[in-house]
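The values are calculated or read from the model by the stated rules, or taken from the named source; none is laboratory data. Remember, predicted model here, so these are calculated numbers, not experimental data. Cβ atoms come from the backbone with ideal geometry, glycine included; neighbour counts cover every protein chain shown. Areas reflect the complete protein model, heavy atoms only, side chains present, ligands, DNA and RNA absent. Shrake-Rupley method; radii C 1.70, N 1.55, O 1.52, S 1.80 Å.
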Amino acid sequence: MIRALAVLLLLLAGCSKPEQGTTLRFWAMGREAEVVGELVREFEAENPGIHVDVQNIPWTAAHEKLLTAYAADGLPDVCQLGNTWIAEFATLQALTPLQPLVDASTGIDQRDYFAGIWDTNVVDGELVGIPWYVDTRLLFYRKDLLRKAGYAQPPRTWAEWEQMNAALKKIMGTRGYPVLMPLNEFEPQLSFALQQEDTLLRDGDTRGNFRSPGFRRTLAFYDNMFEQGWAPKMSETQISNVWDEFFRGFTAFYLSGPWNIREFRQRQPPGLEGEWGTTPLPGPDGPGAGIAGGTSLVVFRSSQKKEAAWKLIEFLSRPEIQQRFYKIIGDLPPRRSAWRSPELQNDPLTAAFADQLERVKPTPKVLEWERIAQQMRVVTEQVVRGGLPQDRAVEQLDQQVDDILAKRRWIVEQQAAAATKAAP
């Protein structure tokens, strides 16, 4: 408690109180940057001494722009940061520790957040971000096609899913495939891997762990979908329109995220309303874990306006503000209390996401993670398309990941050696 208070006092001492004319620089990405202005205006009305300058950063350029700004000491005060980028900027010591501010806050309660989403912001035991919105992957499915195959409910386990896929393929023939998992996406393999007890990295996140029984089981399950002809060996660019293909019966299951609820609703043809739904991901022994995706709000260490920046984060984190944000854009809130709104609580399509979010897990918290995820996608695609043996694939993947983590491993080894030398 004393340490937390000391850190809080230090943080507040390093920034002036919001006064007339304080301007906060807020970098946001994509569609969120386009719509957050309405909420920001309300924040400014509550805090007349603070003006928020929202800059829209395209997602395609965001990572490079952030690194360039870091090198040039030009980072903003507040930023929307993808959850898989949190560890990278924490490693760079660019993010302000937020636990003391949370401890002193009357508006932000860790217990109200989905645990897996909150955990994405804790790096080396230190809280460095507050979840802003969340996403994860689960199954969109055609109820009518499942009924034709003899099933009244979607699958809950891998075994049930495989049985349904076999039955669906019999009635779909060569005209369609039970499952759509585009090969240019790594999220399906990652989701199935997170459902295992074995971690994806080992030895303090310095080496790959893809030869583990858990990932071998994941790869076998994933590859079998394609081997059995249940999933097409296609990337998303080879599919003319995933929404139209879903409704014309090209596929019965589509593994995707919450943004597609609106897309499917807008594109559903007459007669299919109510004939499709969402369901949590099946797991090896029951509903399984999923990816803890989304973005968080961070305060950069270089900011001289941390108190005003924290006020903005507290405002955007209010349950009622998150509910309005959902109405505007459809981004799912990270706080359970925000899900009490009628729009979310009474919608069966979002209910499956609420269920899935209780079981999400963060990806490994290393700055190299995005390179590792893409390498996982490349190698698993080689298994599916090119017939790379699974045993060889996991060995190759471990070797490639070990190479990616070589610098991290060297740093950890040097730190361990220094600690041993310093010990009495």
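Can you spot a residue in region 355-373 that is farther than 29 Å from Phe210 by Cβ, in contact (Cβ under 8 Å) with a residue 12 or more places away in the chain and small (Gly, Ala, Ser)?
No, because not a single residue in region 355-373 is farther than 29 Å from Phe210 by Cβ, in contact (Cβ under 8 Å) with a residue 12 or more places away in the chain and small (Gly, Ala, Ser).
Can you tell me which residue within region 211-249, out of those that are more than 26 Å from Gly283 (Cβ to Cβ) and among the charged types (D, E, K, R), is least open to solvent (accessible area, probe 1.4 Å)?
In this case the residue turns out to be Glu245.
Can you name the number of the only condition in (1) open to solvent by 70 Å² or more (accessible area, probe 1.4 Å); (2) free of Cβ contacts under 8 Å to residues at least 60 places away in the same chain that Glu38 fails?
Looking at each condition in turn, Glu38 falls short on (2).
What's the number of the condition Asp331 fails, among (1) surrounded by 19 or more Cβ atoms within 10 Å (Cβ to Cβ); (2) over 30 Å from Val412 (Cα atoms); (3) at pLDDT 95 or above?
(3)
If you check Ile321 against the conditions, is it β-branched (Val, Ile, Thr) and over 20 Å from Gln196 (Cα atoms)?
yes
Would you tally the residues in region 95-112 being buried (at least 20 other Cβ atoms within 10 Å of the Cβ) and touching a strand residue (DSSP E or B) at 6+ places or on another chain (Cβ under 6 Å)?
Summing the residues that are buried (at least 20 other Cβ atoms within 10 Å of the Cβ) and touching a strand residue (DSSP E or B) at 6+ places or on another chain (Cβ under 6 Å) in region 95-112 gives 3.
Might you let me know whether region 300-312 holds any residue that is among the aliphatic types (A, V, I, L, M) and surrounded by fewer than 20 Cβ atoms within 10 Å (Cβ to Cβ)?
No - not one qualifying residue is present in region 300-312.
From the list Val383, Val360, pick out the single residue that is open to solvent by less than 50 Å² (accessible area, probe 1.4 Å) and in contact with a Gly (Cβ under 8 Å, 6 or more places away or on another chain).
Val360
Looking only at region 389-398, decide whether some residue is in a helix (DSSP H, G or I), touching a strand residue (DSSP E or B) at 6+ places or on another chain (Cβ under 7 Å), hydrophobic (A, V, I, L, M, F, W, C) and farther than 14 Å from Ala220 by Cα.
yes
Going through region 150-163 one residue at a time, which ones are touching a residue at least 24 places away in the same chain (Cβ under 8 Å) and either open to solvent by 10 Å² or more (accessible area, probe 1.4 Å) or assigned to a helix (DSSP H, G or I) (or both)?
Correct list: Pro154, Arg156, Thr157, Trp158, Glu160, Trp161, Glu162.
Which number in (1) surrounded by 12 or more Cβ atoms within 10 Å (Cβ to Cβ); (2) modelled with pLDDT of 95 or more; (3) over 21 Å from the mean Cα position of the chain (by Cα) marks the one condition that Val412 misses?
Looking at each condition in turn, Val412 falls short on (2).
Quick check on my filter: what residues within region 167-188 are open to solvent by less than 10 Å² (accessible area, probe 1.4 Å) and within 14 Å of the chain's Cα centre (by Cα)?
Scanning region 167-188 gives a single hit, Pro188.
Please name all residue pairs, on different chains or six or more residues apart, with Cβ atoms under 6 Å, provided the first residue is in region 190-210 and is more than 18 Å from Glu381 (Cα to Cα) and open to solvent by less than 20 Å² (accessible area, probe 1.4 Å) and the second residue is modelled with pLDDT of 95 or more and assigned to a strand (DSSP E or B).
Between residues of region 190-210 that are more than 18 Å from Glu381 (Cα to Cα) and open to solvent by less than 20 Å² (accessible area, probe 1.4 Å) and residues that are modelled with pLDDT of 95 or more and assigned to a strand (DSSP E or B), the close pairs are Leu194/Lys361.
How do the pairs read when you match residues in region 213-228 that are in contact (Cβ under 8 Å) with a residue 60 or more places away in the chain with residues anywhere that are open to solvent by 80 Å² or more (accessible area, probe 1.4 Å), using Cβ under 6 Å and keeping only pairs 6 or more apart or on different chains?
Phe226/Lys233
For Glu263, indicate whether it is in contact (Cβ under 8 Å) with a residue 12 or more places away in the chain, surrounded by fewer than 20 Cβ atoms within 10 Å (Cβ to Cβ) and of a type in the set (Asp, Glu).
Taking the combined requirement at face value, the residue satisfies it.
Checking the structure you have, find out if any residue of region 347-357 is of a type in the set (A, V, I, L, M), assigned to a loop (DSSP other than H, G, I, E, B) and out of contact with any Leu (no Cβ under 6 Å at 6 or more places or on another chain).
no
Only residues that are assigned to a loop (DSSP other than H, G, I, E, B) and closer than 22 Å to Gln110 by Cβ: list them for region 276-300, please.
If the condition is that a residue be assigned to a loop (DSSP other than H, G, I, E, B) and closer than 22 Å to Gln110 by Cβ, then Ala289, Ala292 are the ones that fit.
Check Leu405 against each of (1) open to solvent by 60 Å² or more (accessible area, probe 1.4 Å); (2) closer than 28 Å to Phe221 by Cα and name the one condition it does not meet.
The number of the failed condition is (1).
For region 113-151, name all the residues that are charged (D, E, K, R), closer than 23 Å to Gln93 by Cα and in contact with a strand residue (DSSP E or B) (Cβ under 9 Å, 6 or more places away or on another chain).
Asp119, Glu126
Can you pull out the residues in region 54-78 that are surrounded by 11 or more Cβ atoms within 10 Å (Cβ to Cβ) and touching a residue at least 40 places away in the same chain (Cβ under 8 Å)?
Leu75, Pro76, Asp77, Val78 - these are the residues of region 54-78 that are surrounded by 11 or more Cβ atoms within 10 Å (Cβ to Cβ) and touching a residue at least 40 places away in the same chain (Cβ under 8 Å).
With (1) within 30 Å of Val78 (Cβ to Cβ); (2) small (Gly, Ala, Ser); (3) more than 25 Å from the chain's Cα centre (by Cα) as the list, and Gly386 as the residue in question, which single condition is left unmet?
With (1) within 30 Å of Val78 (Cβ to Cβ); (2) small (Gly, Ala, Ser); (3) more than 25 Å from the chain's Cα centre (by Cα) applied to Gly386, the lone miss is (1).
Within region 23-124, which helices (runs of 4 or more DSSP H) (wholly inside it) include 1 or more residues that are in contact with a Phe, Trp or Tyr (Cβ under 9 Å, 6 or more places away or on another chain)?
30-35, 37-46, 59-71, 86-91, 99-104
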